[in-house]
Amino acid sequence: MMTTSSSDVDIRSAYEKNIAGYLTKPVDLNDVMSTFENLKNYWKIINFPPPKD
């Protein structure tokens, strides 16, 4: 999940809905681009559960 909220209540609520991760969207464009680059790298290395037969 990516949002502008860094509220503990919002973060807790999101994790209670079983999200895989919580990112707070930066305001600065360079920081946004860096965050997306990090997210892209994350998705390259994440392991998903194998499909069920």
For Leu23, enumerate residues with amide H under 5 Å from its amide H, sequence gap 5+ or separate chain, H modeled in the peptide plane. Met2, Thr3
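So how strong a dipole does the chain carry about its Cα centre when Lys and Arg Cβ are +1 and Asp and Glu Cβ are -1, to the nearest 20 debye? Can you show the working numbers first?
Details: 6 positive and 7 negative charges, 42 e Å.
Approximately 200 debye in magnitude.
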Within 10 Å of each candidate Cβ there may be at most 15 other Cβ atoms; applying that plus a DSSP loop requirement, which trypsin sites (Lys or Arg not before Pro) in the chain survive? Lys17, Lys52
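Throughout, read-outs are computed from the coordinates displayed, never taken from laboratory work. Predicted, not measured: the structure shown is a model, and the values here were computed from it. We place every Cβ from the backbone using ideal geometry, glycine too, and count neighbours over all the protein chains shown.
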